[in-house]
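Undergrad: Have a look at the structure that comes next, please.
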Amino acid sequence: MGRHAETSARRRSLQMTPQVLIALAVAAVVLVAGGITWWAVGAGAGDCDRTDVVRVVVAPELEAVTTQVLVGAEGLQPEDCADAQVSAQEPLQTVGDLGALEAGDLPHVWVPDSSLWPARAGAAPLEATGSMATSPVVLATSRSAVEELGWAGSPPGWGAALVSDQGIAVPDLATSAEALAALSAVRTALGGGADADNAVVQAVLAAERGPSVSPADALAAAGEDSADAPLVPVSEQEVYAANADAADPSLVAVYPAEGSPSLDYPIVRVGSASGADAPAVTAAVRALTSDAARTAVLGAGFRDADGAAPPDAGEATGTQETAPGALLLDPAQVQGLLDQLSELAAPSRILSVFDVSTSMEAPAGSGTRATLARDAAKSTLSLVPDGFAIGLWVFANELDGDQDWVELVPTRALGTETDGGTQREDLDEQLDTIPDRLTPGGTGLYDTTLDAVRAARADYDPRAVNSVLVVTDGTNDDDGLELEALLDALRAEADPERPVKVIGVALGPDADLDALEQIAETTEGAAYSAVDPTDLQTVLFDALRQRD
């Protein structure tokens with residue numbers, strides 16, 4: 001995101017006085033340890049038998065502020081025979097170091113941007129001792145975009161904002177606490193549960209489906225006041241800092257209606273690194289929670305630990321003096337969300353198989369089951385990123401000689417160029433034909449399922465999650481395989497090196513959900529029931545992203 005890209009930490013931090021800069025220039029000593037550049041901000045007196053060195057690692061945007069606070073702090077002066085060495089490091093790297101480095105190479109004090117990071121540090125001996133600053137997570141975009149969307153006086157909720165047509169530039173979820181906090185806010189605002197999870201995943205997929213815009217480029221577009229500038233989850237302080245450098249600030253922080261989660265910049269003592277240096281470590285912690293530290297962070301555009309705004313918050317900085325209420329984040333739930341979202345990184349290869357027997361003419365909603373299936377499939381397809389590979393069959397009874405199914409589109413990545421345009425366009429076009437393909441004579445569900453699994457295995461992609469999606473409104477009623485014979489064949493032909501899941505969707509009350517559940521269990525897939533027509537799109541979407 002912008003904070004981790006073109007907008008350097010030093011540009012966003014407090015503008016230090018010339019006197020402080022001179023003092024730093026005189027006192028700076030560069031040490032290299034474990035790939036980290038440490039800046040010494042004090043110097044032990046020449047008559048000290050030893051100098052206790054406090055290693056302080058902070059999120060990049062806090063580096064200059066922390067350095068200023070620790071220069072000459074009580075307990076860290078030359079006569080105290082103690083130094084503080086400050087380094088900037090991305091929190092994810094520090095999490096890795098805590099599990100890999102010796103105690104002597106670890107920081108004594110760590111100030112990441114969020115308490116989400118210590119929660120991911122496993123068994124590392126960490127002790128939180130307060131907060132250095134806070135900053136609400138907001139959605140940054142241009143002033144023109146906010147006015148055009150009508151959000152100036154009435155901001156949207158998290159869910160509405162992240163599925164709007166404005167576009168989203170979501171930072172790397174593995175490294176960005178802001179992105180995780182924003183998506184967790186969507187989930188919290190929607191009350192949690194499966195529907196909320198689906199909304200979060202749809203927001204991520206919508207970002208992947210949109211134009212490929214990096215967070216840094218999105219912030220640049222917002223800074224130029226483009227009405228098309230995407231939304232970017234960032235900290236309020238980043239908006240403040242970016243506008244501080246702008247002659248005519250146009251970057252705006254949007255505070256969603258339900259409130260915002262905050263980066264809380266916890267001050268964390270690393271127990272395995274402390275020992276004889278404990279008094280100096282205590283002095284550093286005391287300095288980072290002092291009134292001087294509060295003044296420094298406010299001057300750099302952060303809020304203090306209690307949420308008080310910086311003195312010049314307002315329209316000129318694109319921020320608000322009073323932010324909406326805070327949304328609290330549960331680190332365990334956020335980690336679960338991260339695990340769920342990380343699964344989307346694995347590509348999917350799905351052979352979708354739709355029932356076109358005449359029972360699909362039955363009324364459903366404002367149309368028929370066939371039109372409902374068509375519309376839900378087309379809508380779901382619009383959410384899926386180009387990296388997914390999807391093919392399309394339809395089935396009934398003896399559609400092609402003795403064969404119960406017909407291939408309409410072979411399985412290919414959605415972004416693949418074809419004679420008709422792209423794979424996505426070919427699927428969209430063929431889905432439109434489903435209501436016109438309805439055929440009397442029965443439903444060859446079991447024969448088709450076995451053939452589809454065999455086809456998917458023959459077309460297996462070892463890099464992807466391979467599955468067959470079967471959508472049907474009826475039961476098997478042709479003269480082919482019986483259920484037990486199908487299950488036996490699926491077990492006998494199962495290949496651990498090429499696993500293929502069957503995801504069954506029972507559309508309407510007449511579908512044989514029990515059979516689909518047995519098929520799903522045999523292939524370690526899943527079965528869904530969509531009795532209510534309004535549930536079908538949600539069910540299809542969840543089925544398409546099925547990983548378990």
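Undergrad: As a footprinting exposure proxy, order Leu381, Leu92 by other Cβ within 10 Å, with the fewest listed first.
TA: Ordered by Cβ neighbours within 10 Å, fewest first: Leu92, Leu381.
Undergrad: Amide H to amide H under 5 Å from Ile168: which residues, 5+ apart in sequence or cross-chain, H placed 1.01 Å off N in plane?
TA: Amide H to amide H, under 5 Å and 5 or more residues apart or across chains, Ile168 pairs with Leu231.
Undergrad: Amide H of Ser352: which non-local residues (sequence gap of 5 or more, or other chain) have their own amide H closer than 5 Å, using H built in the peptide plane?
TA: Gly391, Leu392, Trp393, Leu469
Undergrad: Another question about this same structure. Near the amide H of Cys81, under 5 Å away, which other amide H atoms are found, from residues 5 or more places off or on another chain, if H is placed in the peptide plane?
TA: Ala45
Undergrad: Over the stretch 402-548, what is the relative contact order in percent, taking alpha-carbon pairs closer than 8 angstrom and at least six residues apart?
TA: On the way: 192 pairs, mean separation 27.1, N = 147.
Over the stretch 402-548, the number comes to 18 percent.
Undergrad: Moving to a separate point now. Contour minus end-to-end for Glu74 and Asp245, with contour as 0.36 nm per residue of separation and end-to-end as the Cα-Cα distance? Before the final figure, lay out each step's value.
TA: Numbers: separation 171, 0.36 × 171 = 61.56 nm, distance 3.29 nm.
The Glu74-Asp245 span can extend by a further 58.3 nm.
Undergrad: Let me ask you something else. Sort 217-226, 312-321, 482-491 by packing, meaning the average of other beta carbons within 10 Å per residue, with the highest value first.
TA: Order by mean packing, descending: 217-226, 312-321, 482-491.
Undergrad: Return Trp158, Trp393 ranked ascending by Cβ neighbour count within 10 Å, so the fewest neighbours appear first.
TA: Trp393, Trp158
Undergrad: Still on this structure: Spelling out what I want: for every residue of the stretch 278-292, take phi, set θ = phi - 60°, compute 6.51 cos²θ - 1.76 cosθ + 1.60 (Karplus), and round to whole Hz; glycine and proline get x.
TA: 3, x, 5, 5, 4, 5, 5, 4, 4, 5, 6, 10, 7, 4, 5
Undergrad: Starting from the coordinates of the alpha-carbon atoms of the stretch 346-544, obtain the Kirkwood hydrodynamic radius over all distinct pairs and give the value in Å to one decimal.
TA: Computed over Cα pairs of the stretch 346-544, the Kirkwood hydrodynamic radius comes out at 16.5 Å.
Undergrad: Give the Rg/Rh ratio for the stretch 483-523, taking Rg as the radius of gyration of the Cα atoms and Rh as the Kirkwood radius, to two decimals.
TA: On the way: Rg = 11.3 Å, Rh = 11.0 Å.
That ratio is 1.03, to two decimals.
Undergrad: Counting DSSP beta bridges with both partners in the stretch 391-548, what percentage is antiparallel, nearest 5? If you can, show how the numbers build up before the last one.
TA: Values: 7 of 18 bridges.
Counting only bridges with both partners in the stretch 391-548, antiparallel ones make up about 40 percent.
Undergrad: So, one more: Order these by the 10 Å Cβ neighbour count, fewest first: Cys48, Cys81.
TA: Fewest to most other Cβ atoms nearby, the residues stand as Cys48, Cys81.
Undergrad: Can you order the peptides 93-105, 65-77 by their average number of other Cβ atoms within 10 Å per residue, highest first?
TA: Descending mean neighbour count gives 65-77, 93-105.
Undergrad: Sticking with this one: Hey, what does the equivalent ellipsoid look like for the stretch 107-182, semi-axes from the Cα gyration tensor as sqrt of 5 times each eigenvalue, largest first, whole Å?
TA: With the √(5λ) rule applied to the stretch 107-182, the semi-axes are 33, 14, 10 Å.
Undergrad: Follow-up. Using the Karplus equation 6.51 cos²θ - 1.76 cosθ + 1.60 (θ = phi - 60°), what ³J(HN,Hα) coupling, rounded to whole Hz, does each residue of the stretch 151-159 give in order, writing x for Gly and Pro?
TA: 9, 4, x, 9, x, x, x, 4, x
Read-outs: derived from the displayed coordinates by stated rules, not from any lab. Quick caveat, the model's predicted, so the values are computed rather than measured. Cβ atoms come from the backbone with ideal geometry, glycine included; neighbour counts cover every protein chain shown.
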